[in-house]
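Here's the structure we're looking at; comments come further down.
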Amino acid sequence: MKEVNLGNRPRDERNHIAPGEPLYREVATIDALTYRRLLDRVFWHPPADVLRFEVRAIPSEKGSEYTVTAIMGGLGEVWFDADAVPARWDAISTFELSWSLSQLHAAQHGLDLRGFEKPGGKPGNERMPDYSSVQDPAEVARHRWNVVNRLRKAEITLK
């Protein structure tokens with residue numbers, strides 16, 4: 001197994017919050033989970049035994065710092081390409097981040113998103129909407145063909 005640390009967000013995106021600041025754990029977790037989902041889309045949802053992306057908390061002086069790690073086994077090094085790791089959030093990620101941060105804000109204030117306090121002062125366990133329809137179909141196809149072409153170049157066939 002080979003592991004590559006990819007950080008907790010695309011390299012050209014600014015951090016919203018620094019380690020040790022209030023709500024760092026919550027915001028950094030949102031970033032890392034969103035980044036993991038982005039990487040799954042970019043690498044065309046690889047089989048977990050080949051390539052998977054894990055969110056990890058790494059202890060530091062200011063508390064845990066979060067990172068996404070690519071874990072490759074078997075064909076993982078063919079499936080994964082460091083040059084294909086996105087430098088910016090895609091459209092889906094932007095919507096997911098906005099939704100997640102609004103849920104965090106609502107939870108911090110004990111409000112639902114319509115501004116009415118819920119019983120017990122806590123928002124419900126709403127599920128994140130599916131934002132896949134906002135992604136450009138050409139981008140989806142490009143990610144898929146990048147993976148297929150890397151596998152073809154390595155003379156590996158998809159089942």
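Rule-based calculations on the coordinates, nothing more; no lab input. Since this is a predicted model, take the numbers as computed values, not measurements. Cβ sites come from the backbone with ideal geometry, for glycine too, and all protein chains shown count toward neighbours.
Tell me which label goes with the value of percent of Cα pairs over 21 Å apart computed from the coordinates here: [x] 45; [y] 53; [z] 59.
The value matching this structure is [y].
Please build a GNM for the chain, connecting alpha carbons under 10 Å apart, and tell me which residue among Ser60, Ser98, Ser132 fluctuates the most.
Looking only at Ser60, Ser98, Ser132, the biggest GNM fluctuation is shown by Ser60.
Using alpha carbons only, how many degrees (0 to 90, rounded to 10) separate the axis of helix 137-153 from the longest principal axis of the chain?
That helix lies at roughly 40 degrees to the long axis.
Could you state the angle between the C-alpha long axis of helix 24-42 and the longest principal axis of the C-alpha atoms of the chain, as a value from 0 to 90 degrees rounded to the nearest 10?
Once rounded, the angle reads 30 degrees.
Can you pull out the GluC sites (Glu not before Pro) in the range 22-109 that DSSP calls coil and that have at most 13 other Cβ atoms within 10 Å? Intermediate values should be presented prior to the final figure.
Working: sites: Glu26, Glu54, Glu61, Glu65, Glu77, Glu96; in loops: Glu61.
Loop-located and lightly packed - Glu61.
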